[in-house]
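The values are calculated or read from the model by the stated rules, or taken from the named source; none is laboratory data. Model, not experiment: these values are computed from the prediction. Reconstructed Cβ throughout: ideal geometry from the backbone, glycine too, with neighbour counts over all protein chains shown. Heads up: the accessible areas ignore ligands, DNA and RNA and are worked out on the full protein's heavy atoms, side chains in. Shrake-Rupley method; radii C 1.70, N 1.55, O 1.52, S 1.80 Å.
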Amino acid sequence: MSTMTLARAVNASLRSAMMDDPRVLLLGEDIGKLGGVFRVTDGLLDQFGAARVIDTPLAESGIMGTAVGLAYRGYRPVVEIQFDGFVYPAFDQIVCQVAKLYYRTRGAVRMPLTIRIPWGGGIGAAEHHSESPEAYFVHTAGLRVIAASDPREAYVLLRQAIASDDPVVFFEPKRLYHSKGEVDTDLDLADEPPMGLARVVRDGTDVTLVTYGAQVAIALDAAVAAEDEGVSIEVIDLRSISPVDYRTVTASVRKTGRAIVTHEAAREAGVGAEIVASIAERCFEYLEAAPQRVTGHDIPYPPAKLEGHHLPDLDRILAAVDRVMDRPHTLAGAAQ
Amino acid sequence: MLTPAAVPDLALSVDDAARVLTPEGERIPDPTLDPWLGSLDPGLLRALYRDMVLTRRVDAEGFALQRQGQLGLWPPCRGQEAVQIGTTHALAAADMIFPSYRETGVVLARGARPDEFVMAWRGEAHTAYDIQRLRMAPMQVIIGAHALHATGYAMGIQRDGADEIAVAYFGDGATSQGDVSEALVFSASYQAPVVFVCSNNQWAISEPVDVQSRVPLAARAPGFGIPSMRVDGNDVLACYAAMRWARERARRGEGPTFLEAVTYRMGPHTTADDPTRYRDAAEVERWQRRDPITRFETYLRAQGLLDDDAVAEVAAAADTLAAAVRAACVGAQTRPGVEVLDDVYAEPHTGLAEERREYAEYLAGFAETEERA
């Protein structure tokens, strides 16, 4: 057990996966000598060589398409997309090829790719560097979509993603790259819950707050603030946003009778819409209030100085808590 | 200006391509191709002829089956038999092929069963053939995407140290796609053992090749650091020789090669297309005189390797194969409906498992209703 940042946990996860399986190799821009723009792949080129840590030309579709070819050949490529907003040039390869080849060949071709995407806002980045594109991938059958929320989760989930015979889009909240946590790199993966399962990170009785990624920490802060006002919030970290572990979500909502979903991505046709609809289908007779969404606005990602108005913060979550509790907005978190 | 400006003659000339057989079927020397032909085995020559005739016959059958409502669509390859059969025969069985959707002859030369030509076009499956047995990726519909797959696969061959190559087949239109340019960049950067076969059939649906390129397509590859050859795509021997050259380069570790096979799509793009809207009959007539099968037959007869009896025997074999394709098509059994939900994920997926269970129950309800009736 040691304390490490999320970036180091991802590094350790890649290293152990590469040591365990010679078919695992990495492709991406600047991942070799530089160690990646976030230094996530630091040291891996020295340890595993250029045949397994492949610095690629600057072409996202090319990276993804050649990874498809390597997967055809039996390799297990881990692709790094440098920033969330740069995944779109590879979108065709991901949705038309990576996601569908297993289905198109009725199981004859496996695509055990892991697509790592530094993800989301909150770091004051330049344009195209703070996107939340998860809904595009959740909407695509054949992909699994995973979001890490702390260093330990990042370590375990990434190992599981690389071991999966299905393609996995793996979101790493870049806002948390430097946040620290306890990670046991000697843990036995067989003892860990599968990556498809959600986890209840805080028990509560009044409201179920469903979220994932960097938003988990904000949800926990909101739960603490709400407790001071006498509202007990159960926080669920989805971990997997495709498939969603509805067994855990519905069990919680049936207990609390109230549900809020929060994420950074825009609201329209977002992951929150899907989860709220599913909660309505599965828990209608248990609900005390209409489920709420607390999301980014339906806007292109704003300039860095304004991103605080876009990213759903503790107070916007608490306002939603007031709505589902059917009481005037009295809760307040951090002073504005 | 709303249309591209006039293109230099060189980009459009169909005669500025390496060949060893004239359109009249006369053997002529070519310094680049001849070393790769040597003294050709008569068995190979007869096989090239036979496979071209069989391809044309299967192609005609596919067209007819579509017109009769048995197939949803068919992409004819008439006129392109030489590039497909010539290049495929130059490969080893282990070489991995990434074809586009018009490569009926490549599928045939790889030993497809009759049903494997039509199941995709009938809509029974996305992939018509056994990709492991044929060592062929599924036919690619997204234009040019598979040039990258072949490149990545070749990078895998490199890592395995295997004596194999990867091949991507695509058309002239695909060269306008970013993925093909990216495949040229990646394959050159890593010197991957891959051969790109561009069947320049002059038309990307209704867009002529001069909308795609200001220079001969083969002239682009050297700009990426990739040797290329512009070869007569209606000369099966030239196509065979060119692929042997390219394959040897790849095997020796000399990296990718780009072949532009100058040919012509005699029919429509697909059965949904009407080429009379965009090209004139005189052009088709000109290409008719360059027919790859007629040309090769003339040559083989002159060599004493083919006579009327042999021609009749091949024609009969082609009819037999076409009948088998027809029977397989008409007799196809559609899978049970619930299987539409199968093979989306390699590992259990809770969401889809639930969806499948619900749909199976829903379908079972109909069965119960029928039983009661």
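Brief remarks follow.
- Residue count for the range B:142-161 satisfying the condition of being more than 9 Å from every other protein chain (Cβ to nearest Cβ) and open to solvent by 10 Å² or more (accessible area, probe 1.4 Å): 2.
- Residues of the range B:216-263 that turn out to be on the phi > 0 side of the Ramachandran plot and either under 20 Å from the mean Cα position of the chain (by Cα) or assigned to a helix (DSSP H, G or I) (or both), as a count: 0
- Condition check for A:Arg327: loosely packed, with under 14 Cβ neighbours inside 10 Å and either assigned to a helix (DSSP H, G or I) or β-branched (Val, Ile, Thr) (or both): no
- Of the set (1) within 16 Å of A:Val145 (Cα to Cα); (2) open to solvent by 20 Å² or more (accessible area, probe 1.4 Å); (3) within 10 Å of chain B (Cβ to nearest Cβ), all apply to A:Ala99 but (2).
- One residue alone among B:Ala323, B:Ala312, B:Ala318, B:Ala327 is touching a helix residue (DSSP H, G or I) at 6+ places or on another chain (Cβ under 6 Å) and of a type outside the set (Lys, Arg), and that residue is B:Ala318.
- Residue within the range A:45-67 that is touching a residue at least 60 places away in the same chain (Cβ under 8 Å), in contact with a helix residue (DSSP H, G or I) (Cβ under 9 Å, 6 or more places away or on another chain) and closer than 30 Å to B:Thr127 by Cβ present: no
- Residue ranges of helices (runs of 4 or more DSSP H) in the range A:36-127 with at least 3 members under 22 Å from B:Gly144 (Cα atoms) and at pLDDT 95 or above: A:60-72, A:101-104
- Among the residues listed as B:Val180, B:Val167, B:Val194, B:Val185, the single one being over 19 Å from the mean Cα position of the chain (by Cα), among the hydrophobic types (A, V, I, L, M, F, W, C) and either closer than 19 Å to B:Arg244 by Cα or at pLDDT 95 or above (or both): B:Val185
Residue-wise test of (1) of a type in the set (A, V, I, L, M, F, W, C); (2) more than 7 Å from chain A (Cβ to nearest Cβ).
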{"residue": "B:Met119", "(1), (2)": "yes, yes"}
{"residue": "B:Ala125", "(1), (2)": "yes, no"}
{"residue": "B:Arg133", "(1), (2)": "no, yes"}
{"residue": "B:Met136", "(1), (2)": "yes, yes"}
{"residue": "B:Val185", "(1), (2)": "yes, no"}
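- Pick from the range A:156-177, criterion farther than 27 Å from A:Lys100 by Cα and in contact with a helix residue (DSSP H, G or I) (Cβ under 7 Å, 6 or more places away or on another chain), ranking: farthest from the other protein chains (Cβ to nearest Cβ): A:Tyr177
- Leading residue by the ranking (nearest to A:Tyr88 (Cα to Cα)) among those in the range A:41-76 that are surrounded by 19 or more Cβ atoms within 10 Å (Cβ to Cβ) and of a type in the set (Gly, Ala, Ser): A:Ser61
- Filter result for B:Asp308 (at pLDDT 95 or above and on the phi > 0 side of the Ramachandran plot): no
- Output for the range A:77-96, where each listed residue is open to solvent by 10 Å² or more (accessible area, probe 1.4 Å) and within 11 Å of chain B (Cβ to nearest Cβ): A:Pro89, A:Asp92, A:Val95, A:Cys96
- Just one residue in the set B:Asp291, B:Asp342 is among the acidic types (Asp, Glu) and assigned by TED's automatic domain parsing to the domain that holds B:Ala125; that residue is B:Asp291.
- Selection of the range B:101-129 for residues being of a type in the set (A, V, I, L, M) and out of contact with any helix residue (DSSP H, G or I) (no Cβ under 7 Å at 6 or more places or on another chain) yields B:Met119, B:Ala120.
- B:Gln66 out of contact with any Phe, Trp or Tyr (no Cβ under 6 Å at 6 or more places or on another chain), assigned by TED's automatic domain parsing to the domain that holds B:Val141 and within 30 Å of B:Thr334 (Cβ to Cβ): no
- Look at (1) at the interface with chain B (Cβ under 10 Å from one of its Cβ atoms); (2) surrounded by 21 or more Cβ atoms within 10 Å (Cβ to Cβ); (3) not charged (D, E, K, R) and you find that A:Gly28 fails only one, number (1).
- The numbered conditions (1) over 25 Å from A:Ile123 (Cα atoms); (2) open to solvent by less than 10 Å² (accessible area, probe 1.4 Å) are all true for A:Val261 except (1).
- Lone qualifier among A:Val253, A:Val231, A:Val261 - being under 21 Å from A:Ile146 (Cα atoms) and either modelled with pLDDT of 95 or more or of a type in the set (Phe, Trp, Tyr) (or both): A:Val261
- Some residue of the range B:346-366 being open to solvent by 80 Å² or more (accessible area, probe 1.4 Å) and in a loop (DSSP other than H, G, I, E, B): yes
- Complete set of residues in the range B:60-100 that are open to solvent by less than 40 Å² (accessible area, probe 1.4 Å) and within 18 Å of B:Ile205 (Cβ to Cβ): B:Gln66, B:Trp74, B:Pro75, B:Pro76, B:Cys77, B:Gly79, B:Gln80, B:Ser100
- Any pair with Cβ under 6 angstrom, 6 or more apart, that starts in the range B:151-170 at a residue that is in the same structural domain as B:Tyr190 (by TED's automatic domain parsing) and ends at one that is aromatic (Phe, Trp, Tyr) and part of a strand (DSSP E or B): B:Ala168/B:Phe98; B:Ala168/B:Phe196
- Check on A:Gly142, touching a Ser or Thr at 6+ places or on another chain (Cβ under 7 Å), assigned to a loop (DSSP other than H, G, I, E, B) and either within 14 Å of another protein chain (Cβ to nearest Cβ) or not hydrophobic (A, V, I, L, M, F, W, C) (or both): no
- Checking B:Val118, B:Val106 one by one, the residue that is touching a strand residue (DSSP E or B) at 6+ places or on another chain (Cβ under 7 Å), of a type in the set (A, V, I, L, M) and open to solvent by less than 40 Å² (accessible area, probe 1.4 Å) is B:Val106 and no other.
- Residue count, the range B:278-337 (criterion: hydrophobic (A, V, I, L, M, F, W, C) and under 30 Å from B:Glu207 (Cα atoms)): 6
- Residue list for the range B:246-274, restricted to those being out of contact with any Pro (no Cβ under 8 Å at 6 or more places or on another chain) and either surrounded by 19 or more Cβ atoms within 10 Å (Cβ to Cβ) or not assigned by TED's automatic domain parsing to the domain that holds B:Pro292 (or both): B:Ala246, B:Arg247, B:Leu259, B:Ala261, B:Val262, B:Tyr264
- Filter result for B:Ser206 (facing chain A (nearest Cβ under 8 Å) and either surrounded by fewer than 24 Cβ atoms within 10 Å (Cβ to Cβ) or touching a residue at least 24 places away in the same chain (Cβ under 8 Å) (or both)): no
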